[in-house]
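To keep things clear, I will list the structure first and then write my remarks on it.
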Amino acid sequence: QVQLVESGGGLVQTGESLRLSCAVSGRSVTLFAMGWFRQAPGKEREFVAAISPRESTAYADSVKARFTIFRDVSKNALYLQMNSLKPDDTAVYYCAADRGLATTTPTDYDYWGQGTQVTVSS
């Protein structure tokens with residue numbers, strides 16, 4: 001059984017950085033396409049970033065050049081480095097794993113973590 005557990009969220013000010021972590025258990029992180037999504041109050045869950053099993057990456061336009069997705073195979077973990085944070089980045093961030101190709105569509109992903117709250121104050 002695959003389990004994903006996010007951590008690293010918190011309250012920061014505009015312009016600061018955070019690194020989110022997603023611990024993966026049950027399968028190697030290299031077997032999946034992995035993604036980060038976020039959901040703000042009253043809004044739909046939206047794509048943030050994804051990494052394929054071969055480590056190709058994709059980003060939402062709103063986070064490109066500020067966020068970096070990467071994985072650590074030795075720790076079987078996924079990360080999201082978030083720099084230059086803005087109030088619009090405030091949301092619950094979710095880690096997800098897809099047995100198929102890395103996509104931007106939440107319903108394509110097979111496994112989800114419980115989420116971690118990121119709040120950016122102005």
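The values are calculated or read from the model by the stated rules, or taken from the named source; none is laboratory data. As the structure is a prediction and not an experimental result, all values here were calculated from the model. Neighbour counts are summed over all protein chains in view; Cβ atoms, including those assigned to glycine, are modelled from backbone coordinates with ideal geometry.
Scanning segment 69-99 for residues that are among the basic types (Lys, Arg) and either in a strand (DSSP E or B) or buried (at least 16 other Cβ atoms within 10 Å of the Cβ) (or both) turns up just one, 71.
Of the residues making up segment 81-91, not a single one is of a type in the set (S, T, N, Q), at pLDDT 95 or above and touching a helix residue (DSSP H, G or I) at 6+ places or on another chain (Cβ under 8 Å).
When 24, 63 are screened for being surrounded by 16 or more Cβ atoms within 10 Å (Cβ to Cβ), out of contact with any helix residue (DSSP H, G or I) (no Cβ under 7 Å at 6 or more places or on another chain), part of a loop (DSSP other than H, G, I, E, B) and of a type in the set (Val, Ile, Thr), only 63 passes.
Report yes if some residue within segment 26-45 is of a type in the set (S, T, N, Q) and farther than 24 Å from residue 121 by Cβ; otherwise report no. Yes; the residues of segment 26-45 include at least one that is of a type in the set (S, T, N, Q) and farther than 24 Å from residue 121 by Cβ.
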